[in-house]
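Data first, discussion second: the structure below is written as structure tokens.
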Amino acid sequence: MRSNTLLKAVAFATSGIVVGSGVIEFAGYEVALVDGQSMQPTLNPHPKILNSPDNGWNFSDWVLISHNERFNVKVGDIVTLNNPTTPLDRDIKRVKATEHQVMQTYKGETVVIPKGHMWVEGDNRWLSKDSNKYGPIPAGLVFGKAVAIVWPPSRWQSLKPALPHSGKLVNAAEEISKSDD
């Protein structure tokens, strides 16, 4: 009898999660696991523990992705995108420049961002494969904007636009260049 009650409770909780995630997806949002270190320290600030039973996922951030905001991306936003070199892979990176802006990379190169493109980088440039490797990306590869960290609970927070170190805009708007200093 006790196992039957437990089974019903698990089934109810599971159906709630499935229905809840379906509602979130229907409303233009998605929850996604951030895997890797390219966005440290903003995302996944703690390294995974190798050989742990949960494969280190307790230390990985889960973010809320807004698909509705993919057309409203600004410099400093964190976006999810299809990797331009392996389109079936999804990446999460920070937008450093948008079309018609001039970007100076951390390598000292100057790049003019073409129309319909953007420059994306990971916050941890030493462990990031990004526009420094493959150049400006078509804006059409972006499928969402990360708006909040939703897991683990100790890291719940909204994600605000920011411009950490690395490459910088040469002709950025005044308010953006002030936040970069």
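Please treat every number below as a calculation from the coordinates, not as lab data. Computed from a prediction, not measured in an experiment: that's the story for all the values here. Glycine gets a Cβ as well: all are built from the backbone with ideal geometry, and neighbour counts include every protein chain shown.
Enumerate the calculated ³J(HN,Hα) couplings along the range 108-124 in order (Karplus 6.51 cos²θ - 1.76 cosθ + 1.60, θ = phi - 60°), each rounded to whole Hz, writing x wherever the residue is Gly or Pro.
Taking θ as phi minus 60°, the curve returns x, 7, 9, 10, 8, 7, x, 4, x, 10, 8, 9, 10, 9, x, 5, 9 Hz for the range 108-124.
How many nm is it between the label spots at K115 and Y134, if each spot is 7 Å from the Cα in line with the beta carbon?
2.4 nm
Tell me, what HN-Hα J-couplings in whole Hz come from the Karplus equation 6.51 cos²θ - 1.76 cosθ + 1.60 at θ = phi - 60° for each residue of the range 77-94, using x for Gly and Pro?
Per residue, the Karplus-derived 3J(HN,Hα) values read 6, 9, 10, 9, 8, 7, 4, x, 9, 9, x, 7, 8, 10, 10, 10, 9, 9 Hz.
Which whole-Hz ³J(HN,Hα) couplings does the range 144-152 yield from phi under the Karplus relation 6.51 cos²θ - 1.76 cosθ + 1.60, θ = phi - 60°, glycine and proline marked x?
Listing the rounded values in order: x, 10, 6, 10, 6, 8, 10, 8, x Hz.
List the residues whose amide H sits under 5 Å from the amide H of M118, counting only those 5 or more places along or on another chain, with H placed 1.01 Å from N in the peptide plane.
It is I137, A139, by chain and number.
Starting from 0.36 nm per residue, how many nanometres of slack lie between D89 and A32 once their C-alpha separation is accounted for?
Taking 0.36 nm per residue and subtracting the Cα distance, the gain is 19.2 nm.
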